[in-house]
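J.: Quick one: this structure, given as structure tokens, is what I'll be asking you about.
Derivation of every value follows stated rules applied to the coordinates shown; laboratory data play no part. Source: prediction; values computed, not measured. Here the Cβ is made from the backbone with ideal geometry for all residues, glycine too, and neighbour counts use every protein chain on show.
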């Protein structure tokens, strides 16, 4: 909490100050204020958003009703929950003002939220990420999160971690979602160097609970100025999120303002408005040229996502020296953007290894496969794709690096479980990890 007073309100621009501390430590609870508003820190997550849900959380925290404040903030849908919260609380406040009563709708909504989020609130190590997702009843979105570690947009981001490893200061993972990318980054740098930011509180809550508990967490709206001082970050990482932001020019300026002069900006999986594969999902996407225009005072490389994946998995490299032709970019359904003021980043990186031996802990067979045991072997068959992953381009791209069927030696899994990996097993395991048949996952993932 000592770092709070280095942050600024994204609305009035004045410094944040701690008003009241309810508990300290990694899961701190407190109220902070600026010149225009009061914001909660709950379970170690700072919320820098305005609205009736946040106001109500602060009121509950003042009465030391932390569990109620937490339930109030948890969205039970990826996007719809906070909308319903707003409608519910607005109706409730209006009825209080006019009639002095609580609306039945608001009472029922809170009961439903309490029932849905109950497994998340239990202080137990037994709860798994899969069970938490199931309790939130996210269905297709939940399946997408479960299988996130092997989706093409995620795979395209992996070689960029090699660039983050070369920086030596704080990293901002903005639009971090439930924390999958931060977890992989933290395999290569200390968690304490990572700031996870997302617009949705429940995403940050899941990231903290299951993926990177020692990182810092800020719930914010990226359409507003960022709350950080100038030149705060050596790396800014934003996976599959920038195209959803409405105020792109403002956010691009904020990225440049908060990035150190020798830092690097990484935007994997940008939707391309010229191909518009994901109709209805990225109506705010730009053309490749317009993405470059947003960062006109930085050196920029745009690379087709499928080319990044192919070079990484087949050749262990990423090429930031060569510039991609305009025509090739126009035909790309998704793009990777790398930008920096430092020319040293723009070269060919060879022998990239995102799966060193130290990452070979807590490995599992990718849950996207059904497993059938037969004597000394495990026979794997890929499941039908969840609807969220069911876009044709993603399926075709995924099948380039993940086989439909595979046979794995049972004794290899035994070696992993017993942490007895010889050089012979290391090569086999490494190959299975590069095909995303084996995954490195957090504890209590499934």
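J.: Note down the relative contact order for the stretch 1-73 as a percent, whole number, built from C-alpha pairs under 8 angstrom at least six residues apart.
T.: 20
J.: Using alpha-carbon positions, what is the distance between the centroids of the stretch 216-260 and the stretch 1-21, in Å?
T.: Taking the Cα centre of each part, the stretch 216-260 and the stretch 1-21 sit 17 Å apart.
J.: Give me the tail of P(r) for the stretch 318-446 as a percent: Cα-Cα pairs with distance above 20 Å.
T.: Of all Cα-Cα pairs in the stretch 318-446, 59 percent lie more than 20 Å apart.
J.: So how do 170, 287 line up by other beta-carbon neighbours within 10 Å, fewest first?
T.: If I rank by nearby Cβ atoms, fewest first, I get 287, 170.
J.: Need one word for the stretch 144-349: rounded, prolate or oblate. Basis is the Cα gyration tensor (sqrt eigenvalues a ≥ b ≥ c); a/c below 1.5 gives rounded, then a/b vs b/c decides.
T.: Rounded shape, in that the Cα axes give a/c under 1.5.
J.: Counting alpha carbon pairs within less than 8 Å and at least 6 residues apart, what relative contact order, in whole percent, applies to the stretch 144-349?
T.: Here the relative contact order equals 20 percent.
J.: Please report the base-10 log of the normalised intensity I(q)/I(0) for the stretch 1-73, using a Debye sum with one equal scatterer per alpha carbon and no solvent, at each q in 0.14, 0.25 (1/Å).
T.: -0.36, -1.17
J.: Oh, and also: Pop a pseudo-label 7 angstrom from the Cα along the beta-carbon direction at both residue 59 and residue 299 and give the gap in nm to one decimal.
T.: Those two pseudo-labels are separated by 5.5 nm.
J.: Expressed as a whole number of Å, what is the distance separating the alpha-carbon centroids of the stretch 182-213 and the stretch 320-388?
T.: Distance between centres, Cα-based: 20 Å.
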